[in-house]
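Working notes for the structure below.
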Amino acid sequence: MNGLIAFSKKELTEQLRSFKALILMAVLFLFGMMSPLTAKILPDIFTGMQVQGITIIIPTPTAFDAYAQFFKNVGQMGLLVLLLLYGGLLSQDVTKGTLIVLLAKGLSRSAVIAAKFITSLIVWTAGYALAAFTAWGYTIYLFGADVVPNLLPAFFSLWLFGAFLLALLLFASTAAPGNYGGLLVTGAIIIVMLILNTFPIVSKWNPATLAASSTALLNGSLSTGEMAVTAYLTAGLIVALVALAIVIFKKKQL
């Protein structure tokens, strides 16, 4: 436990010094600010414009549009930034050999994997919470305190998918060689999940549904009960991926 705590402190310090945590939080905060504002001003920009003789008319925006914009921005660009920043979550330490000295001094390999996941999850959670609170507060300021159904489950679903991506990235980094092997494997798995998500029969069992269905939760076309199965499955996969990463890393030649 002492090794886990000490290595977690080191990881958090490195993430702060390398500006990795700051960049992620700044990007997510920007999405939290820009999403309600974009939803508010888009109709003013495009309404009345004519394209090939057709006049564009955009309905008056609501709080729903602001949150839909938030989930679109964070669910696409936000998660992409998360993957790019943490693409070398473990592989860079392995290729540089920086872990060899620490492991020789008694640090367990399971503590390394656990600390990598916990610290990256802390940064993702902090950045996402900052973005979500910003979007929520700014939406109330711009659109009033309209009640949007299932807002909290929608926020939670996207956060959980981000946590799943970190676990998947950590697992892939232990299994694939090279600095970018884990990132490439993770990207390939995400593409497969997105393709599979086009088939309704498997979408319920696909973690990608969590990121793709936030808007469906808000407009009521998807219930929290239907999403619960996907959420429980994803939580189980997160635990399994981290456990598998530990097993593989214990057998990995450094």
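A few remarks follow.
- Residue match in the stretch 158-169 (condition: open to solvent by 50 Å² or more (accessible area, probe 1.4 Å), modelled with pLDDT of 95 or more and either more than 17 Å from Thr215 (Cα to Cα) or not in a loop (DSSP other than H, G, I, E, B) (or both)): yes
- Listed by position, the helices (runs of 4 or more DSSP H) enclosed by the stretch 178-254 that each have at least 3 residues that are under 29 Å from Ile100 (Cα atoms) and either out of contact with any Cys (no Cβ under 8 Å at 6 or more places or on another chain) or free of Cβ contacts under 8 Å to residues at least 60 places away in the same chain (or both) are 181-196, 224-251.
- Breaking point among (1) under 21 Å from Val81 (Cα atoms); (2) at pLDDT 90 or above; (3) open to solvent by 40 Å² or more (accessible area, probe 1.4 Å), for Asn179: (2)
- Scan of the stretch 211-240 for residues that are farther than 23 Å from Phe70 by Cβ, more than 16 Å from the chain's Cα centre (by Cα) and surrounded by 15 or more Cβ atoms within 10 Å (Cβ to Cβ), ordered by number: Leu233
- Applying a threshold of 8 Å to beta carbon distances and a minimum spacing of six or more residues, or different chains, the list of pairs starting in the stretch 49-70 at a residue that is β-branched (Val, Ile, Thr) and ending at one that is at pLDDT 85 or above and surrounded by 10 or more Cβ atoms within 10 Å (Cβ to Cβ) reads Thr62/Phe143.
- Residue ID - nearest to Met1 (Cα to Cα), chosen from residues in the stretch 98-150 that are open to solvent by 70 Å² or more (accessible area, probe 1.4 Å) and aromatic (Phe, Trp, Tyr): Phe133
- Residue match in the stretch 128-136 (condition: closer than 23 Å to Ala240 by Cβ and either assigned to a helix (DSSP H, G or I) or in contact with a strand residue (DSSP E or B) (Cβ under 7 Å, 6 or more places away or on another chain) (or both)): yes
The values are calculated or read from the model by the stated rules, or taken from the named source; none is laboratory data. Computed from a predicted model, the values in this text were never measured in an experiment. All Cβ positions, glycine included, derive from the backbone under ideal geometry; neighbour counts span all protein chains shown. Note: areas computed on protein heavy atoms with side chains; ligands, DNA, RNA excluded. Shrake-Rupley method; radii C 1.70, N 1.55, O 1.52, S 1.80 Å.
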